[in-house]
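Trainee: Sharing a structure here in structure tokens format.
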Amino acid sequence: MHVMTLLKADMFDVTIDGKPASIAQALPDWNAHDRFGLVIDDALGGIGATHLLQIAMTAFYDIKPSRRTALTVYPEIYAFHIGKGYGAHAPYDFWPARREVITSLDHREVLDAINDRGITRLAVPDRPQRDVVHRPKEVDAALDRIASAFVYSPSGRVANPDLTIAGKDRRTEYNPNSALRPRYADSRPASVSTAAKPVKELDSSYQDWLRKREHDITPEERAFVEARREALRENGLATESYRRVSVLEALARLASAGLTEEKAA
């Protein structure tokens, strides 16, 4: 829940097709019932979509300001780990633990999970498109509901982007740093939140979840992702790039998520 006080819209520079833009243009017609879904198939891969995720969380609170003050709600964000866990992303506020879903490699189960949670904005890793058959009506349900779809890279940069998001404040790197080096203990008083609400870091179930997911990835993988993130930064700040795509294209790329090139062929 730290995100409600950590992030503000003016901490990000957005460009679309090389021209200055706004969060509202990147996430058109955002409303109070939007839900952001992030598909992950690489070690701490969601870090590559940090800023897209963060502007979605900012939009979640800005569209209904009472969420920053009167209510006790985490942002409606969901991570879908394909085939296995790829490291806890809970430090971003994917919390409680039900917000991180671990599916099989079956593309049908992945889309079922996305539809079950009513995802309206979807980000998928940059994988090859693949023709598959989903369960009856599941694609239609996704097309009817999902308003925006994006392709991202675990590295933070995609080829041929049309959307870039740059952090302007060092606090925009707090979440990726926390995911890279999770805190397994927190002695801060419960009143530390500026909203005078307890923080998840004091919840024993949160600590248990981080420990449970600790061995999803190897120390070598964690070090690689940390070095990759650091290489993306200039003066401590990162600029990421994305492609906006149709929902059908996102689902075609989703079908290859988690698969080796041989299996996806």
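Trainee: Once you sort the root eigenvalues of the Cα gyration tensor of the chain as a ≥ b ≥ c, which label holds: rounded (a/c under 1.5), prolate (a/b larger than b/c) or oblate (the other case)?
Mentor: Working: a/c = 1.35, a/b = 1.24, b/c = 1.09.
Here the chain falls in the rounded category.
Trainee: Considering only DSSP beta bridges where both residues belong to the range 3-255, give the percentage that are antiparallel (nearest 5). All intermediate terms of the calculation are to be shown ahead of the outcome.
Mentor: Values: 17 of 34 bridges.
Bridges in the range 3-255 that DSSP calls antiparallel: roughly 50 percent.
Trainee: When only C-alpha pairs under 8 Å and at least 6 residues apart count, what is the relative contact order of the chain, in percent? The partial results should precede the final answer.
Mentor: Values: 489 pairs, mean separation 75.4, N = 265.
It rounds to 28 percent for the chain.
Trainee: How about the range 59-92: which trypsin sites (Lys or Arg not before Pro) there lie in a loop by DSSP and see at most 15 other Cβ atoms within 10 Å?
Mentor: Details: sites: R67, R68, K84; in loops: K84.
Qualifying residues, ordered by number: K84.
Trainee: Related question: Beta carbons within 10 angstrom, averaged per residue: use that to sort the peptides 213-226, 100-113, highest first.
Mentor: On the way: 213-226: 14.8, 100-113: 18.6.
Per-residue Cβ counts within 10 Å, averaged per peptide and sorted highest first, yield 100-113, 213-226.
The numbers here are math on the coordinates, done by the rules we state, and not lab data. All figures in this text were calculated on a predicted structure; none of them were measured in a lab. Every residue, glycine among them, receives a Cβ derived from its backbone with ideal geometry; neighbour counts consider all protein chains shown.
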